[in-house]
Amino acid sequence: MTGSIGWWVASAVLLFWGVGAYNRLVRLRADIIAAFGVLDALWQRQLALVDATLPAWARPPQQTQPAELMDDIMLLWAALRGAAVQLSVALAAMRPRPLQAEAAAALAAAQDVLGTAWQRLQQDANDLAGSSLPDTVATQWLQQAGETAKAQAQFNDAVARYNAAVAQFPAMLLAWLFGFKRAGAI
């Protein structure tokens, strides 16, 4: 009789632990999704700033000049436009699956390309009148980049907490059983 009570108590403890561990994994996964939502909105603002900054000739319907006929400044603007498109595509690919490591790696690469294109434009796209970018736009970019960096750090922290929980024994058994995979940081 005492053996069966002990078995029932152990089974109940195991069941409650399993439910708690599963709920923790679900909550940590939801934290990643919420953090990505904030990050996505901030990147959308950056893309809108890039789009608003582009000269009229660099916008898709008007861009008819082949690359070999463009001067250096035009090439910098075209590179910025291409980097913005790359980030937009990477964001669209990651939205339905914000935990996928490959999509996160592509998004990180696209973010680096956009940042580099913006810096090159800001440093090298000067003519006799001065910088091609107004000071207000450069200030907006810096502010948005700072906000994005904070949101990215929060996303990466959420990913680290989730990945630690997925790899922790014995929760890793539940993760394997229910298909929880490691997430990718940006």
* Structure fact -> Highest GNM mean-square fluctuation among Leu14, Leu49, Leu99, for the chain with Cα springs under 10 Å, belongs to Leu14
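Given an 8 Å cut-off on Cα distances and at least 6 residues of separation, report the relative contact order of the chain as a percent. Write down the numbers at each step before the final one.
Numbers: 152 pairs, mean separation 60.7, N = 186.
Averaging sequence separation for qualifying contacts and normalising by length gives 33 percent for the chain.
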* Potential extension, Leu142-Ala101 segment - 0.36 nm per residue separation minus Cα distance -> 12.0 nm
* **Given charges at beta-carbon only (K, R positive; D, E negative), |dipole| of segment 12-178 in Debye** => 900 debye
* Asked: Once the Cα atoms of helix 101-124 and of the chain are each reduced to a long axis, what angle between those two axes, in degrees from 0 to 90 to the nearest 10, is obtained?
  -> 30 degrees
* Relative to the present Cα-Cα distance, how much length would full extension add between Ala34 and Ala48 at 0.36 nm per residue of separation? -> 2.9 nm
* Helix 2-53 sits at what angle to the longest principal axis of the chain, using alpha carbons and giving 0 to 90 degrees rounded to 10? -> 10 degrees
* Identify which of Asp71, Asp124, Asp157 has the largest mean-square fluctuation in a Gaussian network model of the chain, with springs joining Cα atoms closer than 10 Å. => Asp71
* To do: Please name which of Leu42, Leu80, Gly179 has its Cα lying farthest along the dipole of the chain towards the positive end, using unit charges on Cβ (Lys, Arg +1; Asp, Glu -1) and the Cα centre as origin.
  => Gly179
* Estimated distance in nm for a label pair at Phe16 and Ala108, the labels positioned 7 Å out from Cα along Cα-to-Cβ -> 4.0 nm
* Asked: Between Val89 and Thr116, 0.36 nm times their residue separation minus their Cα-Cα distance comes to what?
  -> 8.0 nm
* Three principal axis extents, largest first, for the C-alpha atoms of the chain, in Å? -> 93, 30, 21
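Every number here is computed from the coordinates shown, using simple stated rules; none is lab data. Note that the coordinates shown come from a computational prediction; the quantities given were computed from them, not determined experimentally. Positions of Cβ are generated from backbone atoms using ideal geometry, with glycine treated the same way; all protein chains shown enter the neighbour counts.
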